[in-house]
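Each remark here refers to the structure printed beneath this line.
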Amino acid sequence: MSKNRTTPFQPDPEQLALLPDISGNTINGQGETRFRRPTRIYWHNPPDAIPYGRIQQWMVSRFNRVQAFREVYAKGDRGPRELDPVAEVQVQDSPANWSARAKAFASQHEADLVGITKLDPNWVYDDCEPPTEPWIIVLGVEMDHSRLAQAPSSDEDTASAHEVSVQYNRGARAASSLANWIRAQGYHSASHAGPWAGSITATPAALACGFGELGKHGNIINRQYGSSFRLSAVVTDLPLVADEASEFGADDFCTRCQVCINACPPSAISDNKQMVRGVKKWYVDFDKCIPYFNETHGCGICIAVCPWSRPGTAPRLADKILRRRKRLYVS
């Protein structure tokens with residue numbers, strides 16, 4: 001597929017024939033003024049249990065026909081399939097110490113970002129039972145931006161999608177390692193890792209624990225890595241202390257920036273925030289995004305072109321914005 005981003009995108013008729021009658025934006029709650037939990041729509045199993053399961057299967061079948069993609073998930077690089085048993089004796093320590101120890105362990109076992117927050121049942125999909133564990137530890141793994149910047153991928157040019165897959169595997173390993181460490185201390189834990197969505201929406205948890213702010217492209221902007229990272233998580237009853245959310249000006253920056261809007265081939269990114277299930281936020285048009293996402297093995301253009309994602313740029317941008325705010329506040 002051509003990487004020409006100026007040519008209007010026309011979805012494959014074969015994919016269009018598989019679309020359900022209901023709009024994905026409707027399922028996601030675009031325009032709804034009352035709060036509700038999210039509804040499973042895509043990247044869930046089994047596919048016949050979700051509205052967009054048929055085009056999900058279509059996308060997966062296209063993905064799996066490429067050897068480079070098949071191999072990355074077939075090598076056993078996602079960590080153990082089953083977690084270790086929970087130790088019978090609980091090790092005792094303070095919540096502050098457990099938090100520091102868990103973060104240190106995760107950082108030493110492939111996680112580049114680690115944050116902790118109370119698990120909000122509203123982050124769980126509406127047909128899933130909320131976990132009994134009260135805490136969620138969110139992990140972030142950085143992507144190689146030089147490979148991500150080659151988005152979108154095709155059957156022949158696989159660099160960007162392959163990098164995403166490799167980092168999803170790394171995130172899965174990091175989550176399994178941390179979950180097993182917690183279990184060895186005598187506490188319950190369960191790991192959650194992409195690309196499948198699972199029962200919990202990880203983005204609001206990552207925002208709550210300080211990973212950054214939601215960008216216009218629908219992804220988190222972090223003050224160190226921009227949007228060039230992937231998420232995994234561990235839920236647990238290990239006694240912990242919650243981190244605070246981080247606000248450093250990315251949202252204000254997005255209101256003026258047009259980079260991802262101009263780069264999006266299906267024109268799925270809006271210049272204005274939308275009301276979605278009772279919350280006003282940046283929202284990407286699902287019906288426009290997903291067909292292109294499917295035909296380019298996961299796209300990724302908006303993350304790649306985001307000014308915050310260029311290596312070394314995010315810290316400088318955040319510091320510049322915060323210094324400007326400080327001057328305005330003092331004056």
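Structure data summary
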read-out	value
Estimated D of the chain in µm² per second, where Rh is the Kirkwood radius over Cα pairs and Stokes-Einstein applies at 10 °C, 1.306 mPa s	76 µm²/s
Among beta bridges that DSSP assigns inside segment 13-330, antiparallel share in %, nearest 5	100 percent
Cα pair distances exceeding 16 angstrom across segment 7-131, given as percent	80 percent
Label-to-label distance, nm, for residues given as Ala159 and Val279 (7 Å Cα→Cβ offset)	3.5 nm
Local electrostatic count, Val276, Cβ distance below 15 Å [Lys/Arg +1, Asp/Glu -1]	+4
Mean ellipticity per residue at 222 nm, deg cm²/dmol - from DSSP H runs of n ≥ 4 across the chain, formula -39500 (n - 2.57)	-11000 deg cm²/dmol
Peptides ranked, highest mean first, by Cβ atoms within 10 Å: ranges 24-32, 295-303	295-303, 24-32
Entries in Lys216/Lys288; Lys75/Lys216; Lys75/Lys118; Lys216/Lys320; Lys118/Lys280 that, when Cα-Cα distance is taken, lie over 24 Å	Lys75/Lys216; Lys75/Lys118
Pair Ala184, Asn272: separation of 7 Å Cα→Cβ label points (nm)	5.4 nm
Pairwise Cα inverse-distance average, inverted: Kirkwood Rh of segment 132-213 (Å)	14.4 Å
Förster-model FRET efficiency, 25 Å R0, Leu18 and Thr313, C-beta, rounded to 0.05	0.05
Cys residues of the chain counted as unpaired, since no other Cys beta-carbon is under 4.7 Å	Cys128, Cys209, Cys254, Cys257, Cys264, Cys289, Cys299, Cys306
Rel. contact order, % - alpha carbon contacts under 8 angstrom, at least six apart, segment 166-287	25 percent
Relative contact order of segment 13-330, defined on C-alpha pairs under 8 angstrom at six or more residues apart (%)	23 percent
Between segment 229-281 and segment 56-81, the alpha-carbon center distance in angstrom	27 Å
Protection proxy ranking of 51-60, 168-177, 70-79 - average other beta-carbon atoms within 10 Å, highest first	168-177, 51-60, 70-79
Projected label distance in nm at Arg325 and Thr7, using a 7 Å step from Cα toward the beta-carbon	4.3 nm
Binned Cα-Cα distances of segment 109-268, short to long, each 5 Å bin given as a whole percent	2, 9, 16, 20, 20, 15, 10, 5, 2, 1, 0
Span-like helix ranges in the chain, DSSP H, alpha carbon extent 30 angstrom or more, Kyte mean at least -0.5	159-184
Within straight-line cross-link reach of Lys281, aspartates and glutamates at Cα separation under 16 Å, skipping those fewer than 8 residues along the same chain	Glu32, Glu213, Glu247, Asp251, Asp252, Asp271
Stokes-Einstein diffusion coefficient of segment 178-331, Kirkwood radius over Cα pairs, 4 °C, 1.567 mPa s, in µm²/s	75 µm²/s
Rel. contact order, % - alpha carbon contacts under 8 angstrom, at least six apart, segment 224-331	37 percent
Efficiency of FRET between Ala100 and Arg70 - r from beta-carbon atoms, R0 51 angstrom, step 0.05	0.80
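Bear in mind these aren't lab numbers, they're just calculated from the coordinates by the rules spelled out. None of the values given here were measured: they were computed from a predicted structure. Counting neighbours? That spans all protein chains shown, and the Cβs are built from the backbone with ideal geometry, glycine included.
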